[in-house]
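Engineer: Structure incoming, see below.
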Amino acid sequence: MEIGIYRSNGASRSQLERVQLTKESAIAGFSLAAKSDYEPGDLILRVGGLQTTRNYRTIQTGIATHVQNDLLSYLNHSCCPNTIVNTEAMAIEASARIRAGDELTFFYPSTEWELARPFICRCRAPQCIHLVAGAKYVPIDTLGRYFINSHIRELALAALVKVAA
Ligand SMILES: [Zn+2]
């Protein structure tokens, strides 16, 4: 089901040719679904955003920077995600084979150090981390299995140095 709120929410026509907002998520209320097929590495969307302070709809793009983007805020978390959010390129890229209609997901700790609203994951992946509260709360060897943005690597390293000191 498509709903008609996004045009006024600032999503561009070209973005909406590539993804659609759907209410048939297996994971949460609303989600983004692919409108066409993608192979790993394919660019799905380039995304901008309004710089703001951290809230449950923002994406962390640096050590202390957060952006809010109305499409990105509907991209749900999965512990077995099919996209990555690359905050250097400000792009959503396929990390698995995606078929039109598939729900798009990414691993929230790959961008978020601490979530404004932690939650219990119900993705049912065997490797599910269960509590999604940000990279700060994920063991380093678990983080190592995922694509992780450079600001999260930096923050994780800083936390390790602090523990070791
Ligand atoms: Zn999970």
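Read-outs: derived from the displayed coordinates by stated rules, not from any lab. Values in this document were obtained by computation on a predicted structure and should not be read as measured data. Note that each Cβ is placed from the backbone with ideal geometry, even for glycine, and that neighbours are counted across all protein chains shown.
Engineer: Rounded to the nearest 0.05, what FRET efficiency do residue 163 and residue 130 have when you use their Cβ-Cβ distance and R0 = 25 Å? Let's see the in-between values first.
Structural biologist: Numbers: r = 23 Å, r/R0 = 0.90.
Once rounded, the FRET efficiency stands at 0.65.
Engineer: Now, a different point. Can you give the Rg/Rh ratio of the range 7-164, where Rg is from the C-alpha atoms and Rh is the Kirkwood radius? Numbers along the way, then the final one.
Structural biologist: On the way: Rg = 15.0 Å, Rh = 15.8 Å.
When Rh is taken as the Kirkwood radius, the ratio is 0.95.
Engineer: Using all alpha carbons of the range 71-165, what is the percent of pairwise distances in each 5 Å bin, ordered from the shortest bin to the longest?
Structural biologist: 3, 13, 24, 26, 19, 10, 4, 1, 1, 0
Engineer: OK, next. So for the range 7-164, taking the charge dipole from beta-carbon charges (+1 Lys/Arg, -1 Asp/Glu), which of 108, 49, 30 sits furthest toward the positive end?
Structural biologist: The residue sitting most towards the positive pole is 30.
Engineer: I would also like to ask the following. Run the reach check for residue 23 against lysines, Cα to Cα strictly under 29 Å, same-chain hits fewer than 8 apart removed. What comes back?
Structural biologist: Within the straight-line limit of under 29 Å, residue 23 reaches these lysines: 35.
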